[in-house]
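Written below as structure tokens is the structure these notes are about.
The values are calculated or read from the model by the stated rules, or taken from the named source; none is laboratory data. The model shown is predicted, which means the values in this text are computed figures rather than measured ones. All Cβ positions, even for glycine, are placed from backbone atoms using ideal geometry, and neighbour counts span all protein chains on display. Note: areas computed on protein heavy atoms with side chains; ligands, DNA, RNA excluded. Shrake-Rupley method; radii C 1.70, N 1.55, O 1.52, S 1.80 Å.
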Amino acid sequence: MTELRLVAGVDCSTQATKVVVCDAETGAVLREGRAPHPDGTQVDPEAWWQAWQIASDGLLDGVEAVAIGGQQHGMVLLDDSGEVVHPAVLWNDTSSADATTDLIAELGGPEAWAEAVGSVPVPSFTVTKLRWVRDKEAAQRAAAVVLPHDWMTHRLAADRQGISQITTDRGDASGTGWWSPTTNSYRTDLVELAFGRQLALPRVAGPAEIVGQTAFGAAIAAGTGDNAAAALGLDLQPGDVAVSLGTSGTAFARSTHPTKDATGLVAAFADATGEYLPLVCTLNAARVMSATAQMLGVELSAFDEAALTSPGSDGLVLLPFLDGERTPDLPHSTGLIYGLTRATMQPATMARAAVEGLLCGLADAVDALRDQGLPVHRVLLLGGGARSRAVQALAPALLGAEVVLPEPAEYVALGAARQAAWALSGAATPPTWQIPVGKPQPAITVDATTIRANYKQVLTNTRPLLAAPYNQ
């Protein structure tokens, strides 16, 4: 019997570090670990390292290669010695909303940004955070700016010091706002536009490159951003769109060509294989359902049953912008309920409206990918929110495509492990790993056209209100 070759994949996400150890040939998960991160949108990166140590404890014997999949956009500022000079500002920190508006105007508007890097910045993007921090005292000591996965990869290497050998990859670099997927190069002028001076940037490693070695002797692959890692873990094929309902909502697909969207809806990211990963992201996803269940005073399972069995929302519309919103670009917004009557002020109707509102936002995301010329034949529904039977039943009609349900798994960590296996093999393409797919809840027939039209009308008519800062 051939001895197994083991690889590890890490998901350094917003909420936790997750580690999977896999058979490099088949992708079978043999060991798993997890450790939480502190709450908040600004975090000491040392917390990620401590979570990695806890999550990986006892798992790494025999592991020959490891890769990090990290939350995109987070800004980590380092001094010349590699020390962190300011808490990492995470993707879901919207403090840079005003900085975003300024930066877009200073370069010449959305079209100029789309031409430069394929995407129009939103407050999630690292470039906007760099402008926000520019005038703070810590910024004076900054010598380099890196992303969470870059920092973790550098920290994992046994022989690295300072900032001279930090690496990133195309997938994560494409979320900064200063790297162009079209030219595969940095736009250092945009770093200077944002920060007022140049900073050292990580070298962009190749998709299957080995960039270092751990203290326990494993090769370190390049790693990537979380969405690119998930796409690799899912082995997305042409016509597939992944729709994830986690802390955030995302819709993304692989593309052989770069995209440019001056509307700002689609971010022109790169993937982890050398191709592209156009993506739409919302700030609000699964927690819309848990928050509505809490408001109604019921468990999430009862909320889900009510939404599934309700005959409809009767025109009740919920705009689910509970934490502000990234897409559409409404960082100051709050949630909004429209259409309250004595007939619609019922728990089941409210539950149904919450699920419909969540899915309408993601349907807009899928449509934005269609508008970029991407085919949508099949939607892979992912994340904690995908476990909702109501979501599964309503998604085919509202998203306008067949819906399949990949078996629950840590797909970001699996994608990182697959990248590690690829780097270890030295092959031209990633190894083929089978992705088990289950059957979702049977679809139910709804008037998707009317539901989406009502959602669009309420969003259009209330947008000026939602765009203004909410005075609590």
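Using only side-chain charges placed at the Cβ, +1 for Lys and Arg and -1 for Asp and Glu, the dipole size of the chain relative to its Cα centre rounds to 660 debye.
Counting only protein heavy atoms and a probe of 1.4 Å, the accessible surface of the chain is 50% carbon and sulfur. For the peptides 65-72, 432-439, the ranking by mean Cβ contacts within 10 Å, running from highest to lowest, is 65-72, 432-439. With contacts taken as Cα pairs under 8 Å and at least 6 residues apart, the chain reaches a relative contact order of 17 percent. Less than 5 angstrom separates the built amide H of Arg31 from those of Val21, all sequence-distant by 5 or more or on a different chain. Counted over the chain, the DSSP beta bridges are approximately 65% antiparallel.
Distance from the alpha carbon centroid of region 61-102 to that of region 327-360 works out to 33 angstrom. By the Kirkwood approach, averaging reciprocal distances over each pair of separate Cα atoms, region 1-97 gets a hydrodynamic radius of 14.8 Å. With the charge dipole of region 233-385 set up from +1 on Lys and Arg Cβ and -1 on Asp and Glu Cβ about the Cα centre, the Cα lying farthest toward the positive end among the listed residues Gly373, Leu358, Thr259 is that of Leu358. Within the set [x] 35, 24, 21; [y] 31, 30, 22; [z] 35, 27, 20, the number that semi-axes √(5λ) of the Cα gyration tensor in Å takes when calculated for this structure is listed as [z].
Once the Cα atoms are used to define both axes, helix 389-399 deviates from the longest principal axis of the chain by about 90 degrees. Angle of helix 448-467 to the longest C-alpha principal axis of the chain, folded into 0 to 90 degrees and rounded to 10: 70°.
In order along region 407-421, the Karplus-derived 3J(HN,Hα) couplings, from 6.51 cos²θ - 1.76 cosθ + 1.60 at θ = phi - 60°, round to 4, x, 6, 8, 5, 5, 5, 5, x, 4, 5, 5, 5, 4, 5 Hz, and Gly and Pro are given as x. Between Ala302 and Glu25, the FRET efficiency from the beta-carbon distance, with R0 = 60 Å, is close to 0.85.
Once the chain from Arg203 to Gln434 is taken as fully extended at 0.36 nm per residue, the excess over their C-alpha distance is 79.9 nm. Computed from Cα atoms, the angle from the helix 300-309 axis to the main principal axis of the chain rounds to 50 degrees.
In the context of the full set of protein chains, the chain has a per residue accessible area of 39 Å² (1.4 Å probe). In the chain, taking the dipole from charged Cβ atoms about the Cα centre, the farthest positive-side position among Gln165, Val146, Val127 is held by Val127. For the peptides 152-163, 379-390, the ranking by mean Cβ contacts within 10 Å, running from highest to lowest, is 379-390, 152-163. For region 327-472, the relative contact order comes to 33 percent (Cα pairs under 8 Å, sequence separation of at least 6). When each of the peptides 86-98, 130-142, 260-272 is scored by how many other beta carbons lie within 10 Å of its residues on average, the order from highest to lowest is 260-272, 86-98, 130-142. Taking a sphere under 13 Å around the Cβ of Ala401 and counting the other residues whose Cβ falls inside, with K and R at +1 and D and E at -1, yields a net charge of -1. Database remark: amide H of Gln213 closer than 5 angstrom to the amide H of Ala158, Asp159, Ile220 (H placed geometrically; neighbours at sequence offset of 5 or more, or on other chains; Pro and chain starts carry no H).
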